[in-house]
Structure formats: structure tokens, C-alpha cells
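Structure first, then comments.
The values are calculated or read from the model by the stated rules, or taken from the named source; none is laboratory data. Here the structure is a predicted model, which is why all the values come from computation and not from measurement. Cβ atoms come from the backbone with ideal geometry, glycine included; neighbour counts cover every protein chain shown.
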Amino acid sequence: MPCEVKPRFVVLYGSQKGQAQSIAEGIAEEAEQHGLVAELSCLDQNDKYDLEKESAPVVFVVSTTGDGEPPDNTLQFVKSIKKKTLPADHYKHLCYALLALGDTNYANFCNCGKTIERRLQELGAEQFYATGYADDGVGLEVVLDPWLEGLWKAIKAALSKMASDRTSCLKGEAGESTKEDSSIPDVQLSLLSITDQQNCNSANSSLETVSKFASAASSSASATQTAVSDLVPATPLGSDGLASQFHDAASVSTSKQETQTGDAGVPGVALAASLTRSLPPLSESSLNVPALPPSYLDVSLQEAEIIEQVDGPANRDSLHEVPISRAVQLTRGDSVKTALCLELDISLMSYQPGDSFDVFCPNRASEVEDMLHGLALSDQRNHLVNISLRKDTKKKGALVPPYIPQNISLLYLLTWCLEIRSVPKKAFLRALVEHTGDSVQKRRLQELCSKQGAADYNLFVRDPSLSILELFAAFPSCSPPLSLLIEHVPKLQPRPYSAASSCLRHPGKLHFVFNIVEFPACSVRPAGRQGLCTGWLFDLIRPVLVFPEKDESSSSTDLPKIRVKLRPNCSFRPPSDPSVPFIMVGPGTGVAPFIGFLQQREKEKQEKPKATFGETWLFYGCRHRDRDFLFREELEGFVSSGTLSHLKVCFSRDSGEEDGRPKYVQDNLLINRQHVTDILLKQNGYLFVCGDAKNMAKDVNDALIEMIKKELQVDQLDAMKTLAGLREEKRYLQDIWG
């Protein structure tokens, strides 16, 4: 008998940090269970797919990075479809569905997905399933799970319709080919996509649409109960034995009610849920646990003749190793946060104000030791790691992680390649179930990765930024193999920082500013911890650190060095025409790039005394005037020299301030709304915002909408459209972080 040919569809993804890729791979892997064949490709793999000739349904899974930008592996695709020379019917043959990943903490929510969808529709493509906009700000699973559940019915309906249309065309039954096909799932008709106007920087709009989507796509899955199944592959390969030396922090509660150690049946003894303990109804529920992701790597350790020295990240040719020539603490010791300014000697590099750069930092040596000890591999730290694909793997598009170089030691792998502080995804938890000996701990891991345990996952894993090491400490009977870590733990990412200087003022030097990040203590983190990169930098510069109001320390001949890579930002820069006015909003360390802007402007004014220069405004804020007013003397100097036309400063925590004084930068913006809107709407000026995405950037955005409403006498929607127009013109620009 001839082999049955399964219907095919195409899955294309664009991913910056791997999340969209994992979801796309999961779709491709699950296809076989539905009697389908999925052809998986990254959007930059032009040789593997051809949308101009594609006759099968296409599923796009794309994320958004930076200020609404496409991922690096999606840039060329977006450029190609945005060509104005393409005819309006270029993709009239194409049938597609799209899942966009984003974060409403950032202004341009799911912008890459929206751009692709808008352009596909302009070019005649037909949508066979409503677009999903998954919001990492509230949990991707709220949209992701119901979207994935409804996808399979939609794909089969689309395949059926396309086959029917082709048959009708072959028979010449033109009228029948245009008849509405009742097999298209109802979910397609009842779901509303989020348009640019409906979701212009509004988390509330997103959540409302999410609610509609969840209820329409899956009547059996509540939007508040569903949990993301990050379909990342796993492997049950062997058992290297996770050592029991990890401290068990299971008995400590993270809820408001303290956990009691007595018998649960004793009257008056209250129990509380924790990372390792659930309560009814979850503890008594039947669970919908995601399928075990397929394993795809074989990993072995080989004794090496030469012991490798761990001295830096891979791909060193593309990096610059530069010394830290000076380090100054900008805040006083009694300030809430500790802000540092570092000066790098970059004689072989050049940059522009507004550019940023990546700092490559290692995992902490103590945490690497804990991981080696926990995996019972301390004695094999200098063994070479051999990684290859399993011949029997069922994972679609399986690859050895490209960020792991060949001929490296286990110590190097854990120090420079894997983000061992990353928050474990649910697919990882699902894989760990297979390597957990204690039945109670196994059940709890199943709960945390299940749909029913979504709230507990968010409360005990996602929200406190629980690390993989902390998870292992709480579940000591879990003994994962090394291969499972390599498959599930993401790449150790460099940390980006904004340049806080200008080459015109400081030739051969680059300054940058940061707060030492502090993670608060919780049940599994009794002592708290510092941020990986900021804590590492602080340790490096301690010997040469200069404190405020103290004499300069003697210069050290043994200056610490770090590896960096420039990230040019061609849009976040002062206007090329010096006569154009611009406004800067940067509280706290968000002022960093604007120091570079103003240093550049001051030098330009000195070099061109007869040139016309537009107004410059800076809205700055901090907690206390005398503790954390960063760059105070330099900013006041810019005002004295005329480089900075207006400096508007506010202090949120100072006592004794007069009633009605502004506390935050958005308050000062509202006070000066006539000047701000005049610059933006009448003088074609620019607005730059830098700093915290989750609070400040949202509040500033809301304040701008309110200002436009009042000054133009328009409603909310028109004000949002006006602000969106400034974004489109690249005159409202953000450099923000979560």
C-alpha cells in the first residue's frame, strides 16, 4: 500500500532570546500528533522557504525587541516585505496565522508582529486564524495557551478550504470556490485582533482583548488559570545525580501567612502555600501537564590533557577588551540605591551619543561551584564537553546550541555559556519531573508546570525571579543530567548599557552609569543577592573606587579589564540639525545618555559660535537632592553655559517640600505642557525618554496623552494617534528597560 501523505503547513519564527523559537519548535513537534507535517524555519533562512510560491498555510511566531524593533534574525524579512515596489496582490495566494510576543511594560507592544501582519494584509494575504498578542508583562500563557489550543482546528479548516478551492478550480466551478466554507472554526469569526489604534501603548486594551481571546478560543481554559507550555525540548538522558548538598528551603513560606511546622490537622494551625507546598484545591486537582519535550542532545565528558583557564567569552575576535580607568560612586552611602560611573579606555573604538554597548560578564564563581557540586561533577570541571545531536531525536530543526564553542571545559560552559540564574521555564520543570525521586516533590513540579498551577508558578517562580540553582535547592531529590541543562538553560546574555559621554569631550574614553541591582530576600533566597553583571562590576572596581566628597584614590597600575561590544543606535541620537529643539526625560540613571547629548552639544556650540541651536530641555528626578542627584554639578554647568536651556528637577522622597511641588518627571511635564506640546507639535522637535519601562515610561506616555488632549482639545483616541504619529516620525524615542 502506498504511504499516506500527511498535510503540510509552514512555521516561521523570529526570535531574539529564544522564546518565540521555542514556541515555534513546539508547534512543529506537536504537528505529528494532529496528523500534520510542519516545516520549520527561521525567518532569516531564506533558502528553506519561499513565501512567493507557498501553497500551504503559514504560521508566524515573532517577538519584538528594543523599542519595538524586529529581532536580529527578522530584520531582513521585514525590510523585504516593506518594499514599496511590491504589488498589492503579491501575497494574494498566501494563507497565514500569526502569534506576536511582546510586553506591555514597553510602549511599542508587539510592534514587530503588527508590522508583519499589516504588511501581509496590504499585500493581499488572507488570515485563517485570529492573531494572538501574548503579553510577557502579565504572563504569555494568558493568550498563548488558548491560542495554541485553537490553532490545530484552524489549520485543518484552512487546509480543507484550500484543498476544496483547488478542486473547484480544477473542475472549473468558479462559483463554488468562493462559497463560504462552514468548516472554518467559529473562533476565527469571534476573535478581534488588536489594531495599532486600539492598543497604542495601552496595557488595559491588551488585557481586555486577551480576555476576549481566552474565552473564545477555549471554553475549558480560564484566562486566569492557563499556564504557558514553553515547548522547549528536554532529555531524560542518563542520571549524573544532583547532589543532596543543596540546602532545602522548602519549608519557608512566601505568603503573608507564616507556615507552621505542626500537624496540619491540629486546630488553629494555619498552613500556607509555598514553592514546594500547595494547598487545596490545587493539591487535590487532576492536572493538565504538558507533554514531555523530546530530548535532542547527547552530552559526554572527556578527560583533557591540558587544564583550560576560564578567561572570557567565546567569539573574542568581535569583542574589545578594555581597562576600567576610573570608577566613581555617584550616590552617598545612605542613599537607597548605589549608582556608579565607570570610565573605559577605548582608544581603538568610536561611538556616538545615544549608542549603547554590551558588557560580557561571567556567572559568579561561587554559583558555578554550587552547580558543579550539585551535579556531582566537581572532579570533572576541567573535562571537555562533547555535544552532539541524538540520532533518534524527534525534535524539529534540532541543532547543537551555536553559542557553545567546541573544545571547552565543563567549567567554561557553566561560567560563560549558560545563564544559570535564569528563571526556569515550565518546559524545564516538566522535564525535571522525570528526574525527581521524591513523590511529593515530583507532584509539586507537575503542579507548577500545569495549567491548574499557573498562579502558583507566577507567585513562586516567575515573580521572585527564582533561579535554577534556587529551584534545585528547593527540590533536592531532583537529579537532572547535564544534557538537560544544556537543552533548557538559555545562553548567558551580555548586559547592555548606555554611553554617558561624548568622544568630543572625552577622546578615547567611554563613561557609563548603573545602579547595583539588588534582588530582595525571599523564602528560597534568605540573604538576597546582587545583579549578576552589576555585582560583578562592583567587585572588580572596589580597589579603585572613588567615593563622593573624598579625595581621588591613587591610580592603580593593575586596572581591571572587561570585554565589551558596541551596539550603535542610529535613531536614539540628537537631531542632526542643531536648530531643532529637543526634550529629554531621564530620571535616575536614565539621565546617562543625555549627559553624552549635552557634552556633544556643548562642544558643537564652542566650535560653531555663529550657528543657530534649538532649545534643550531635561526633565530629571531622583529621591533626594543631597543623596542621589546624579551629575548635579555637570548639569548645572550645562545650564550656566547655555548648553541646557531648561533643567526641571524633582525629588520624590525629600521631606519638607511645599505642597503641590512635583514629585515625578511626569508631574513636571504636565506643569510645562504648553512648552512641551509646542516643541513637539509646532516646532517639529524631538522627545527622548530613558529609564524604567514598567513605571516611569508608562507614566510619561500617559502624561503626554493627557497633555495633547488638553492642548489640542481632542479625545483620548485622537491624542493616542497623535503620539503614535510622533513615534512613526522617529521624534518620540525611548531607550528603556524592564
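List of remarks:
- The condition (being more than 30 Å from ASN569 (Cα to Cα), in contact with a helix residue (DSSP H, G or I) (Cβ under 7 Å, 6 or more places away or on another chain) and free of Cβ contacts under 8 Å to residues at least 60 places away in the same chain) is satisfied by just one residue among VAL37, VAL10: VAL37.
- Some residue of segment 609-621 being at pLDDT below 95, in contact with an Asp or Glu (Cβ under 8 Å, 6 or more places away or on another chain) and either assigned by TED's automatic domain parsing to the domain that holds GLU69 or not charged (D, E, K, R) (or both): yes
- Selection count, segment 355-364, where residues are at pLDDT below 95 and aliphatic (A, V, I, L, M): 0
- Filter result (of a type in the set (A, V, I, L, M) and in a loop (DSSP other than H, G, I, E, B)) within segment 82-122: LEU86, ALA88, LEU94, ALA107
- Some residue of segment 472-486 being hydrophobic (A, V, I, L, M, F, W, C), assigned to a loop (DSSP other than H, G, I, E, B), touching a strand residue (DSSP E or B) at 6+ places or on another chain (Cβ under 9 Å) and over 30 Å from GLU343 (Cα atoms): yes
- Boolean, THR436 is at pLDDT 95 or above, within 25 Å of PHE360 (Cα to Cα) and of a type in the set (Ser, Thr, Tyr): no
- Residue within segment 683-693 that is at pLDDT 95 or above and surrounded by fewer than 21 Cβ atoms within 10 Å (Cβ to Cβ) present: yes
- Filter pass, LEU399 being free of Cβ contacts under 8 Å to residues at least 60 places away in the same chain and either touching a helix residue (DSSP H, G or I) at 6+ places or on another chain (Cβ under 6 Å) or assigned by TED's automatic domain parsing to the domain that holds GLU29 (or both): no
- Residue match in segment 276-286 (condition: outside the structural domain of GLU141 (by TED's automatic domain parsing), loosely packed, with under 11 Cβ neighbours inside 10 Å and modelled with pLDDT under 75): no
- Flag if SER295 is crowded, with 20+ Cβ neighbours inside 10 Å, within 29 Å of the chain's Cα centre (by Cα), within 30 Å of ALA431 (Cβ to Cβ) and not β-branched (Val, Ile, Thr): yes
- Any hit, segment 632-651, residues being of a type in the set (Val, Ile, Thr), farther than 27 Å from ALA499 by Cα, surrounded by fewer than 20 Cβ atoms within 10 Å (Cβ to Cβ) and in the same structural domain as GLN600 (by TED's automatic domain parsing): no
- Test for LEU348: is it closer than 22 Å to ARG563 by Cβ and in a loop (DSSP other than H, G, I, E, B): yes
- When residues of segment 563-592 are limited to those that are part of a strand (DSSP E or B) and charged (D, E, K, R), the one surrounded by the most Cβ atoms within 10 Å (Cβ to Cβ): ARG563
- Condition check for GLN452: farther than 30 Å from ASP358 by Cβ and not in a helix (DSSP H, G or I): yes
- Those residues of segment 437-468 which are under 19 Å from ALA376 (Cβ atoms) and surrounded by fewer than 20 Cβ atoms within 10 Å (Cβ to Cβ), in sequence order: GLY437, ASP438
- Segment 695-713, subset of a type outside the set (S, T, N, Q) and loosely packed, with under 15 Cβ neighbours inside 10 Å, residue farthest from CYS570 (Cα to Cα): LYS710
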